[in-house]
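Handing you this structure, nothing more for now.
The values are calculated or read from the model by the stated rules, or taken from the named source; none is laboratory data. Source: prediction; values computed, not measured. Cβ coordinates were reconstructed from backbone atoms using ideal geometry, including for glycine residues, and neighbour counts include every protein chain displayed. Accessible surface areas use protein heavy atoms only, side chains included; no ligands, DNA or RNA. Shrake-Rupley method; radii C 1.70, N 1.55, O 1.52, S 1.80 Å.
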Amino acid sequence: MANRDSVKAGRLPTNFANIGKNAISGTFGGIAVCLIGHPFDTLKVRLQTQSVANPIYSGLRDCFLKTLRWEGIGGLYKGIGRLSPRQYWICGMFTGFVISFIEGPIDLFKSKMQTEIIKAKQGLSTNYRNVFHCANIITRRYGIRGIYQALPSVWLRNIPSNAFYFTSFETTLTYMIPKGGTVADVSASGLFLAGGIGGFLYWFITYPTDVIKSTMQSDASDVIKRRYPSIVQCVRILYKEEGFTPCLLRSIPANAAMLFVVQKVRMFLKM
């Protein structure tokens, strides 16, 4: 009864909200543990393994200062190497889950605005002047339940798509590393190829779920007026949809350029 009342009031059910809160909290907690704890682990290992007869470091403070002087801040994070494909896959899945809470509302407002022209050409009245007006109206009328319309369909797309995206990109990038080299030694063409493959697989594998997401998000905000109340019902329209090839062709250069820039900025910042 409590969950049903919370839905009517425009709030997410308690259990549903708690899952999201715990996932986000755990993600940031894990990042904090790595950022804060790993430097101490690096210093500990170096002090424990140095020669007793001819030590390089006189103590924890000396080890810390010499590490910064000799290797920079990156020296404190030595040992955080490249992940295995399975680990990238898991990271991609969690990324897709968490990012959906941010990307979902943004995609929702975008989809609502993109379909306004269709209503106008059909002689129907439009609801929103611009994306900010759209966000304001939906938030005011339907609350958090409104801005997270079709959230399960966003998860359906984002969780597997990000898993494919990061795994394929990082695996290709690893393959491109010259023998004895690092990621910094990968050529520009190698970065573009890795980014292009990642972007292509992102859309090739998950395009049907993207159609589901867009269809459900562009549906009526009022639950009673929706034509697609569930993912299962929405699946039936997939065979009618067009635009598969243009989407795939766009994904290759767009994602190749994006990931190329990401890697170059990482190298510039010595991350």
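Restricting attention to the stretch 111-138, which residues are loosely packed, with under 15 Cβ neighbours inside 10 Å and under 26 Å from Tyr165 (Cα atoms)?
Gln114
Can you find even one residue in the stretch 206-225 that is farther than 30 Å from Thr139 by Cβ and either at pLDDT 75 or above or not in a helix (DSSP H, G or I) (or both)? Can you show your working first?
Going through the stretch 206-225, the residues farther than 30 Å from Thr139 by Cβ turn out to be none.
Within the stretch 206-225, not a single residue is farther than 30 Å from Thr139 by Cβ and either at pLDDT 75 or above or not in a helix (DSSP H, G or I) (or both).
Go through the stretch 84-112 and count every residue that is basic (Lys, Arg) and over 25 Å from Cys134 (Cα atoms).
Let us first name the residues in the stretch 84-112 that are basic (Lys, Arg), namely 86, 110, 112.
If we keep only those that are over 25 Å from Cys134 (Cα atoms) too, we end up with 86.
Within the stretch 84-112, residues that are basic (Lys, Arg) and over 25 Å from Cys134 (Cα atoms) number 1.
Just for the stretch 102-136: of the residues that are of a type in the set (A, V, I, L, M, F, W, C) and in contact (Cβ under 8 Å) with a residue 24 or more places away in the chain, which one is nearest to Ile159 (Cα to Cα)? Show your work before the answer.
Of the residues in the stretch 102-136, the ones of a type in the set (A, V, I, L, M, F, W, C) are 102, 106, 108-109, 113, 117-118, 120, 124, 131-132, 134-135.
Okay, now just the ones that are also in contact (Cβ under 8 Å) with a residue 24 or more places away in the chain, so 108-109, 134-135.
Details: Leu108: 17, Phe109: 21, Cys134: 27, Ala135: 25 Å.
Going through the qualifying residues, I end up with Leu108.
Starting from the stretch 172-183, keep only residues that are polar (S, T, N, Q), then list their pairs with residues that are open to solvent by less than 40 Å² (accessible area, probe 1.4 Å) whose Cβ atoms are within a distance under 6 Å, requiring at least 6 positions of separation or different chains.
Within 6 Å, the pairs are Thr172/Ala194.
Report, by residue number, each residue of the stretch 42-61 that is assigned to a helix (DSSP H, G or I) and surrounded by 14 or more Cβ atoms within 10 Å (Cβ to Cβ). So that I can check it myself, show each step before the final result.
So the first thing to find is which residues in the stretch 42-61 are assigned to a helix (DSSP H, G or I), and the list is 42-49, 60-61.
Matches in the stretch 42-61: Thr42, Leu43, Arg46, Leu47.
While we're looking at this one, here's another question. Considering the stretch 210-233 alone, what residues qualify as being among the polar types (S, T, N, Q), touching a helix residue (DSSP H, G or I) at 6+ places or on another chain (Cβ under 9 Å) and more than 14 Å from Gln114 (Cα to Cα)? I'd like the intermediate steps shown before the answer.
So the first thing to find is which residues in the stretch 210-233 are among the polar types (S, T, N, Q), and the list is 214-215, 217-218, 221, 230, 233.
From the residues that got through so far, the ones that are touching a helix residue (DSSP H, G or I) at 6+ places or on another chain (Cβ under 9 Å) too are 214-215, 217-218, 221, 230.
Ser221, Ser230 - these are the residues of the stretch 210-233 that are among the polar types (S, T, N, Q), touching a helix residue (DSSP H, G or I) at 6+ places or on another chain (Cβ under 9 Å) and more than 14 Å from Gln114 (Cα to Cα).
Would you call Arg141 over 26 Å from the mean Cα position of the chain (by Cα), of a type in the set (Lys, Arg) and not in a loop (DSSP other than H, G, I, E, B)?
Details: over 26 Å from the mean Cα position of the chain (by Cα): yes; of a type in the set (Lys, Arg): yes; not in a loop (DSSP other than H, G, I, E, B): yes.
Yes, satisfied.
Looking at the stretch 23-41 only, could you name the residues that are open to solvent by 90 Å² or more (accessible area, probe 1.4 Å) and closer than 30 Å to Phe101 by Cβ?
At the first step, the residues of the stretch 23-41 found to be open to solvent by 90 Å² or more (accessible area, probe 1.4 Å) are 28, 33, 35-36, 40.
If the condition is that a residue be open to solvent by 90 Å² or more (accessible area, probe 1.4 Å) and closer than 30 Å to Phe101 by Cβ, then Phe28, Val33, Leu35, Ile36 are the ones that fit.
Of all residues in the stretch 184-208, which are farther than 17 Å from Ala163 by Cβ and open to solvent by 30 Å² or more (accessible area, probe 1.4 Å)? Walk me through it before giving the result.
Applying the first criterion (farther than 17 Å from Ala163 by Cβ) to the stretch 184-208 yields 184-193, 196.
Result: Ala184, Asp185, Ser187, Ala188, Ser189, Phe192, Leu193.
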